[in-house]
Amino acid sequence: MRTTIIAVSVSLAFLSGCQSVDTTQAGVVGVDRDQRMMVSSEEVDAGAKKAYAQMMAEAQKKGVLDKDAAMLKRVQDITKRLIPHTAVFRPDAVKWEWEVHVISVDEVNAWCMPGGKMAMYTGLIQKLNATDDEIAAVMGHEIGHALREHARERMSRQMGTQLGVGILGALLGVGDLGQSIAGQVANVTLNLPNSRLHETESDRIGVELAARAGFDPRAAVGLWEKMGKASGGGQPPKWLSTHPSHEDRIADLKVYSEKVMPLYTAAKGSAAAGK
Ligand SMILES: [Zn+2]
């Protein structure tokens, strides 16, 4: 009897500690994969909120937060057009507390923390001379990571293997968040490269979000080509140094941006009809 009780409680603990989920619906691009989670969305989102607030406060203190009002408005307007379309992948996402800020950092980068806390670096817009369609491609991609809860999945994997939770980014003062959930969220979002699988899922979700919002999804292809050129012979940007390979990524984006072209045409059509 005792043995049975122990066995039952152990398996219950296991069940509550680890669950298999599919965070999103497939969309036209057909992203569909079970994910193994060992930490709850609530914990991860709360950690992200804390890390984000701390980082934005630090950016403010350093005088690098939202310095260019016109650039901020541009990024916010583009993001606002994308967000309603997240409902295609998961209906709860439209109710998230979405936030985006522009940080004056001379680095080609942008990110979205769990729960929709985003940052765009001025370096990406300026160095690539990015168009609205290209900014939408970047934001759509980053939103894709958040919708798929890739950070939560990667944290779960780290917990499973007991690895990596001690590494932390010094950027924007996340250091003292330590090994808390907030620190881990900041670390997986900013420092650790995404897997090839996660990048591909986000690329595909990104082009669909862009197309549905009336941004040319083919801009994602041009964006990555620009990034390749921007990196030149020197140190590649963080994004490019990770999988998938540059050529594979562009090839996949070409296929999937064509696949969502009807959504783009329809969005353009309804925008024109509304005018
Ligand atoms: Zn990514």
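So if I take the centroid of the Cα atoms in the range 258-275 and the same for the range 58-93, what is the distance between those two points in Å?
If we compute the Cα centre of each part, the gap is 23 Å.
Using a simple spin-label model with points 7 Å from Cα along the Cα→Cβ vector, what separation in nm is obtained for K254 and E43?
About 4.4 nm, to one decimal.
Please work out the FRET efficiency for the pair Q25 and A69, using the Cβ-Cβ distance as r and a Förster radius of 30 Å; give the result to the nearest 0.05. Write out the running numbers ahead of the final one.
Working: r = 37 Å, r/R0 = 1.22.
Once rounded, the FRET efficiency stands at 0.25.
Assuming 0.36 nm per residue, please report the length gained on full extension of the stretch K80 to D34 beyond their Cα-Cα distance. The partial results should precede the final answer.
Values: separation 46, 0.36 × 46 = 16.56 nm, distance 2.89 nm.
The span from K80 to D34 would gain 13.7 nm if fully extended.
For K50, go through the lysines and keep the ones whose alpha-carbon is under 26 Å away, minus same-chain ones fewer than eight residues off.
Within the straight-line cut-off, K50 pairs with K61, K62, K67, K73, K80, K95, K117, K238.
Picking from N129, A93, A119, whose Cα lies most toward the positive end of the charge dipole for the range 78-153 (charges on Cβ: Lys, Arg +1; Asp, Glu -1)?
Value: A93.
Which percent of the accessible heavy-atom area of the range 16-142 goes to carbon and sulfur, probe 1.4 angstrom?
51 percent
Please list, or write none, the lysines whose alpha carbon is within less than 17 Å of the alpha carbon of K254, excluding same-chain residues fewer than 8 places away.
Here the lysines satisfying the reach criterion relative to K254 are K226.
Assuming R0 = 25 Å, what is the FRET efficiency of T265 and S245, from their Cβ-Cβ distance, to the nearest 0.05?
Details: r = 31 Å, r/R0 = 1.22.
About 0.25, to the nearest 0.05.
If I take R0 = 25 Å and measure r between the Cβ atoms of T131 and K95 in this structure, what FRET efficiency does the formula 1/(1 + (r/R0)^6) give, to the nearest 0.05?
Working: r = 30 Å, r/R0 = 1.20.
About 0.25, to the nearest 0.05.
At 0.36 nm per residue, minus the direct Cα-Cα distance, what do A53 and R196 gain on full extension? Give it in nm, one decimal, please.
48.6 nm
Stretch A87-S180 to full length: gain in nm at 0.36 nm per residue minus the Cα-Cα span? Intermediate values should be presented prior to the final figure.
Details: separation 93, 0.36 × 93 = 33.48 nm, distance 3.04 nm.
That pair, A87 and S180, stretches by 30.4 nm at full extension.
The values are calculated or read from the model by the stated rules, or taken from the named source; none is laboratory data. Note that the coordinates shown come from a computational prediction; the quantities given were computed from them, not determined experimentally. Don't worry about glycine lacking a Cβ; one is built from the backbone with ideal geometry, like all the others, and counts go over all protein chains shown. The area values use the complete protein model at the heavy-atom level, side chains included, leaving out ligands, DNA and RNA. Shrake-Rupley method; radii C 1.70, N 1.55, O 1.52, S 1.80 Å.
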